[in-house]
Structure formats: C-alpha cells, structure tokens
Amino acid sequence: MHTTRCSTSFNHVMGLRTLSAKLFGLKPYSHNSPFRCATSISTRSHSQSNTASSPRYHVASSLPHANITQRRHFWSQKAPAQYQEHFNGPSDGQEEAAKVAILDRVMKGRQPTDLMLRCTVLDQDGDVATISGQFKRSDLCTEHRLNPRDLRKIDSRIPNLVPTILVRKEAILVNVLHIRALVKADAVVLFDTYGSADSRLHSVFLYHLEHNLKVKNSGQPYEFRALDSILLSVLSALEAEMVFIRNLVGGLLAELEDDIDHDRFKRLLHYSRRLASFQNRAKLVQEALEEVLEQDEDLIAMYLTDKKNGIDRQLQDHEELEVLLESFSKQVEEIVNEAENIQSNVQSTQEIVELILDSNRNALLTLDLKISILTMGIGIGTLVAGVFGMNLRSNLEDTEYMFYIMGALSMLIAAGFSWSGLHRLAKIRKVGLSVHNKKRPKRSWLSLPLRRRGREIDGFS
C-alpha cells in the first residue's frame with residue numbers, strides 16, 4: 001500500500017517535470033531505476049542541491065511540491081510568448097478585434113428592407129393607389145420635402161407612447177395611437193405599423209377614409225377630410241377600449257359587493273393598472289390636440305390646399321380647422337373624465353374593501369382577547385381549588401358546607417375577573433372623534449325658543 005502510493009506520487013512528479021521541460025525547452029528527465037519512495041525522495045533532494053548549476057531546472061523540479069497558484073504565476077512569468085495568452089487571457093487588441101467582428105456580423109445580418117417603409121397610398125380621388133408598397137426613406141423625404149428625423153418615430157419598431165401632430169411645408173405628419181399617416185393636399189400615405197394586431201380597426205378606418213375622401217361637395221378641403229377620418233378612428237378606438245374597461249371594472253365591483261376574496265382583489269389591481277394606462281394615453285391624445293390648437297402658425301400651415309393654390313390666409317383665419325379640432329378635443333376630454341370617474345370608483349372600492357378587511361381583522365382580534373380573558377378568569381377560579389387540593393390539613397374539610405361555599409366562591413371569583421376584563425375591553429374598543437375622549441356637555445331638554453324665554457324671565461326677575 002505504501003509502495004503503491006509512493007509510486008503514484010513519483011509518477012505525478014515525473015509527469016510534471018516532463019511538461020515543464022517541454023515548456024521551457026529543457027531535456028526531458030528520464031529515470032530507468034525502479035520507482036521507489038526512497039528514489040523519489042533522493043531525486044527531490046538531489047534536484048534541490050543543484051540550485052546553482054541549473055536554476056531553471058531546479059525550479060521546474062520543485063514546482064510539483066508548490067501549490068497551484070505559485071506554479072501558475074511562475075509559468076506566466078517564464079513561459080514563451082506563444083503560451084502567454086493561456087495564462088494572462090486575451091489582450092486589449094484581441095478584445096477590440098472581437099468587438100469589431102461582432103459588430104460586423106450584426107451589421108451584415110441586417111435586412112436590406114430595414115431602410116424601407118411599407119406604405120398604403122391614397123390618391124386625390126380617394127382611391128387606393130398602392131397597397132403595402134415598399135418605399136425608401138430617402139425617396140419619401142425627397143418627394144414630400146421632409147427631414148429624416150420626421151420619419152424616425154414612424155419607422156420605430158417600438159409602440160409609440162406620445163402622440164404627435166407635426167406640420168411641415170407640404171404635409172401633416174400624424175402619429176396618434178394606431179395611426180401613422182402623412183397627409184398632403186392631394187394624397188394620403190398610411191404607414192403600416194409594426195405589430196398591429198387590430199386589423200379590423202385598420203380596415204374600418206381605411207374604408208371610412210376612402211369614403212370621406214371621395215365626397216368632394218362637403219365644403220372641406222382634402223386634408224381636412226383626411227384629418228377628420230383619422231381623428232374619428234382615434235376617437236372610436238378610445239371609446240371602444242373605454243367601454244371594454246368599463247364593463248370589466250363594473251362587473252368586478254359588483255362581484256366585490258357580494259364577496260371579497262383574494263382572486264377578485266388581484267383582478268381589481270390588474271384592472272386598475274390597465275385603466276391607469278388607458279387614462280394616460282387618452283390624456284396624451286388630448287394634450288396633442290390642445291398643443292396644435294394653441295399654435296396659430298401651425299393652424300394656418302395646415303391649410304395645404306390653399307397653400308398649394310397660392311392663397312394667403314391671415315394669422316387668425318383658421319376658424320374651420322379650429323372648430324374641427326376642438327370638437328374632437330372635447331370628445332376626448334369626455335373620455336378622460338369618464339376614465340377618471342371609473343378610477344375614482346376603483347379607489348373608493350379599494351378603500352372600502354380595506355376598511356372591511358380591517359374591521360374583520362379587529363373582530364377576530366377581539367374574539368381572541370375575549371377568549372383569553374375568559375381563560376384567565378377560569379384559571380383564577382381554579383387557583384382556589386388548587387389551594388384546597390394540597391395534601392395539607394386546614395380543618396376546613398371537616399365543615400359540612402365548606403365544599404359548596406368554596407365552589408361558589410371560586411365561580412364568583414372567575415366570573416368577577418372575567419366581567420372586569422370584558423368591561424375593560426369594551427371601554428377600550430369605544431373609539432370616538434373627540435380629543436382625549438372628553439365627555440360631551442349635557443344639552444338641555446328644552447327647545448331653543450323656550451330656553452331663550454327662560455333666560456329672559458330670569459333676567460327680569
């Protein structure tokens with residue numbers, strides 16, 4: 001057993017010596033004698049004694065007896081250049097090259113359609129000229145005299161949170177909820193939004209837009225009819241979501257009136273968050289409309305047909321457009337107010353539910369205190385029985401009626417302590433709004449005119 005262990009240790013030492021010799025360019029060590037523990041020890045002592053003659057070989061020979069950290073540090077200092085990466089890791093240049101390679105792969109992996117926009121174009125007669133056609137951003141900017149930053153939010157794959165209505169030289173950019181459109185004096189460009197799941201709403205909007213653009217005897221210019229269809233679709237989307245949330249919240253509040261459980265309370269929290277999100281979106285739409293109404297220059301610039309025909313308008317001559325935007329702004333404001341009312345009802349219900357739960361918890365605590373007080377009274381009553389149950393003579397046991405007397409006394413003591421504790425608990429539970437529970441002054445049983453008449457009689461007397 002001992003010989004086998006020594007042989008195994010020596011084989012491990014020789015293996016590390018061979019590896020060190022190959023690493024530093026030394027001649028591998030060979031030993032033809034039988035592997036014995038004594039041979040291992042003598043070889044180790046011999047290598048330690050030859051420090052001056054072969055320092056590198058001596059250190060390499062002593063490495064198997066050092067810990068792993070020391071060996072790693074030594075090899076990292078003495079190893080050739082081709083082995084330095086194994087100990088020190090990649091250099092800064094290699095890390096930079098890896099980053100550049102990753103960036104190149106990402107850029108090469110981009111689709112060529114990333115610079116393209118899918119659009120549906122309606123001409124001046126209201127007919128669909130192009131359905132989901134692909135257009136370059138540069139071509140759209142050049143054709144409609146737009147800046148590249150104007151199409152940045154429209155091209156974004158992230159759902160838009162802040163509605164915007166931008167007025168440019170020859171177009172109006174509308175980015176509200178599910179609609180991203182470019183309105184001109186003789187055309188409408190609808191951008192296909194990414195991740196649009198409500199195809200029915202989009203189809204209804206497109207049908208209404210076509211019908212509204214084809215009606216030319218309405219007295220409104222082309223761009224106003226397009227804006228009317230866009231804002232009407234936005235308003236319809238808000239109303240539909242408002243009705244859906246109102247039905248959800250109303251049904252849940254009715255269920256909470258009958259029974260309060262954990263699942264319904266979680267649903268109430270979820271609906272409250274959804275209602276808050278909807279209320280925020282409706283407010284942002286209202287703010288976008290009000291922002292346009294406050295800028296007279298933008299209102300005048302939105303008369304694209306007159307601008308195309310060379311008709312100049314005064315700064316305050318925008319009553320027709322102002323009435324159109326104000327009507328939709330008022331309707332959106334009504335939706336916001338209704339959402340606030342529902343949110344107020346939800347908060348009131350949450351507060352009432354919390355009060356009911358607190359009241360039930362207090363009732364359970366009161367019941368626990370009552371049971372504890374009764375237990376204390378019974379325990380004090382049994383104390384008397386315990387005293388007389390001791391094996392000590394008191395000469396009271398010889399009395400004929402002492403058993404009945406002490407039993408009645410124990411019951412009276414238990415009842416007295418229990419009544420006192422319950423009475424004290426009832427006084428503590430009385431909660432009033434008066435400061436320091438001050439007693440109210442006694443009111444006279446006479447009515448106010450009779451009291452005044454009595455005071456006058458006392459004054460004459």
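Quote to one decimal, in nm, the extra length available between Ser359 and Phe388 on full extension: 0.36 nm per residue of separation minus the C-alpha distance between them.
Values: separation 29, 0.36 × 29 = 10.44 nm, distance 4.44 nm.
Extra length from Ser359 to Phe388 when fully extended: 6.0 nm.
Using a Förster distance of 41 Å, how high is the FRET efficiency between Thr130 and Asp296, based on the Cβ-Cβ distance and rounded to 0.05?
Details: r = 35 Å, r/R0 = 0.85.
After rounding to 0.05, the efficiency reads 0.70.
HN-Hα J couplings of segment 345-359 from phi, Karplus 6.51/-1.76/1.60, θ = phi - 60°, integer Hz, Gly and Pro as x?
After applying 6.51 cos²θ - 1.76 cosθ + 1.60, I find 5, 5, 5, 4, 5, 4, 5, 5, 4, 5, 5, 5, 5, 5, 5 Hz.
Among Ile230, Ile300, Ile352, which comes first, then next, by fewest other beta-carbon atoms within 10 Å? Can you show the working numbers first?
Working: Ile230 26, Ile300 19, Ile352 13.
Fewest-to-most Cβ neighbours within 10 Å comes out as Ile352, Ile300, Ile230.
If you wrap a convex hull around the Cα atoms of segment 112-357, how much volume per residue is inside, in Å³? Display every interim value, and only then the final one.
Values: hull volume 34.4 nm³, N = 246.
Taking the convex hull of the Cα positions in segment 112-357, it is 140 Å³ per residue.
Arranged by the count of other C-beta atoms within 10 angstrom, fewest first, what order do Ser327, Ser233 take? Present the calculation step by step, with values, prior to reporting the outcome.
On the way: Ser327 13, Ser233 22.
Ordered by Cβ neighbours within 10 Å, fewest first: Ser327, Ser233.
How would you rank Cys119, Cys141, going from fewest to most other Cβ atoms within 10 Å of each one's own Cβ?
Details: Cys119 20, Cys141 15.
If I rank by nearby Cβ atoms, fewest first, I get Cys141, Cys119.
Kindly give the semi-axes, whole Å and largest first, of the ellipsoid equivalent to segment 241-332, taking each as the square root of 5 times a Cα gyration tensor eigenvalue.
Equivalent ellipsoid of segment 241-332: 46, 11, 9 Å, largest first.
Given that compact globular proteins tend to follow 2.2 N^0.38 Å, what is the ratio of the alpha-carbon Rg of segment 362-429 to that value?
Numbers: Rg = 15.7 Å, N = 68, 2.2 N^0.38 = 10.9 Å.
The reported ratio for this selection is 1.43.
Collect residues whose amide H, placed 1.01 Å from N in the peptide plane, falls under 5 Å from the amide H of Arg180; neighbours closer than 5 in sequence don't count.
Close amide H contacts, sequence-distant or interchain: Phe191.
Could you list, in their original order, any pairs among Lys153/Lys184; Lys136/Lys184; Lys153/Lys308; Lys184/Lys283 whose Cα atoms are separated by more than 24 Å? The partial results should precede the final answer.
Values: Lys153/Lys184 19 Å; Lys136/Lys184 18 Å; Lys153/Lys308 27 Å; Lys184/Lys283 27 Å.
Those over the limit are Lys153/Lys308; Lys184/Lys283.
Once both labels are modelled 7 Å past Cα along the beta-carbon direction, what's the Leu425-Leu315 spacing in nm?
Simple spin-label model gives 7.9 nm for this pair.
Among the trypsin sites (Lys or Arg not before Pro) within segment 214-322, which fall in a DSSP loop and have no more than 15 other Cβ atoms within 10 Å of their own Cβ? Spell out each step's value before the answer.
On the way: sites: Lys214, Lys216, Arg225, Arg246, Arg264, Lys266, Arg267, Arg273, Arg274, Arg281, Lys283, Lys307, Lys308, Arg313; in loops: Lys216, Arg313.
Those that pass, being in a loop and sparsely packed, are Lys216, Arg313.
How large is ³J(HN,Hα), in whole Hz, for each residue of segment 187-192 in order, when computed from phi with the Karplus curve 6.51 cos²θ - 1.76 cosθ + 1.60 and θ = phi - 60°, using x for Gly and Pro?
Values per residue, Gly and Pro as x: 7, 10, 10, 9, 8, 6 Hz.
Read the figures in this text as sums done on the coordinates, not as results from a lab. Just so it is clear, the model here is predicted, and its values are computed rather than measured. When we count neighbours, we look across all protein chains shown, and the Cβ atoms used for this are built from the backbone with ideal geometry, even at glycine.
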